[in-house]
Amino acid sequence: MLQLNYKLTDEDYIEFNEFHQLIHSEVGKRNLFKLRLIGPMISILAIVIFILARAEIMLIVTEVIVLCIFSIVCVTQAKKIMKRGIRKTILKMKETGLPFAGETTLNFTEDQIIEITKGQEVKVDYKKVEDVCETEEAFYVYMSSVQAIIIPKRVLDQDKEKKLRQILSK
């Protein structure tokens, strides 16, 4: 049996949501792809409009150069834009009073994970765990495609991290 006691920070929630929306979720990956396409699509459309309007060649060439730069910036900065949006959303949710777990106790027994937070106890059989993901900062134990237990690595020493990895690999 392994027991962990910790408190999740805003950064823990932000990192989880960034991981989930940009790496783990197919919908998030698709949204990032679409965001990367918007700039080039607008650029192509603007260039076509100028060509159809029979604008001067120098104006079209200038527009092509400016819109190519715009497209490159859109493609390279899309992930940062999404991360900024995720951060804002999480911090706004916290301000509006949506529940974020304070102190958390996790007990890993032989057949289930018991998560104890303020006034709530949730038991999850290992069979119901859909996925386990590990990043540099945390472990994410998914109970569904949108719900996970966040276990920050900052609360684990080497022995606990090794034991947790063994438990979650079952």
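Listing for the model above:
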{"item": "The range 118-123 - phi-based ³J(HN,Hα) in whole Hz, Karplus 6.51/-1.76/1.60, Gly and Pro as x", "result": "3, x, 8, 10, 10, 10"}
{"item": "Subset of Lys7/Lys83; Lys94/Lys127; Lys29/Lys88; Lys29/Lys123 violating a 21 Å alpha-carbon distance limit", "result": "Lys7/Lys83; Lys94/Lys127; Lys29/Lys123"}
{"item": "Mean Cα-pair separation over length for the chain, i.e. relative contact order, pairs under 8 Å, 6 or more apart, %", "result": "25 percent"}
{"item": "Cross-link reach list, aspartates and glutamates versus Lys170, counting only Cα pairs under 13 Å and skipping chain neighbours closer than eight places", "result": "Glu110, Asp111, Asp125, Glu130, Asp131"}
{"item": "Accessible surface, the range 1-158, averaged per residue in Å² (probe 1.4 Å)", "result": "65 Å²"}
{"item": "Residues with amide H under 5 Å from that of Phe139, placed H, sequence gap 5 or more", "result": "Ile151, Lys153"}
{"item": "Whole-percent carbon and sulfur share, accessible surface of the chain, 1.4 Å", "result": "59 percent"}
{"item": "Charge-dipole axis of the range 1-149 as Lys and Arg at +1 and Asp and Glu at -1 on Cβ define it, positive-most pick from Ile60, Thr89, Ala138", "result": "Ile60"}
{"item": "Over the range 122-170, relative contact order from alpha-carbon pairs under 8 Å, at least 6 apart, %", "result": "24 percent"}
{"item": "Most mobile of Gln21, Gln158, Gln77 in a GNM of the chain (Cα contacts under 10 Å)", "result": "Gln158"}
{"item": "Cβ-based net charge around Val75, under 13 Å, with every Lys or Arg adding one and every Asp or Glu removing one", "result": "+4"}
{"item": "Residue-by-residue Karplus 3J(HN,Hα) for the range 69-78, coefficients 6.51, -1.76, 1.60, Hz, glycine and proline x", "result": "4, 4, 5, 4, 4, 4, 5, 6, 9, 4"}
{"item": "Placed amide H near Thr104: partners under 5 Å, 5+ positions off or other chain", "result": "Tyr6, Lys7, Leu8"}
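The values are calculated or read from the model by the stated rules, or taken from the named source; none is laboratory data. Everything numeric in this text was worked out from a predicted model, so none of it was measured. Don't worry about glycine lacking a Cβ; one is built from the backbone with ideal geometry, like all the others, and counts go over all protein chains shown. Heavy atoms of the whole protein, side chains included, go into the accessibility calculation; ligands, DNA and RNA do not. Shrake-Rupley method; radii C 1.70, N 1.55, O 1.52, S 1.80 Å.
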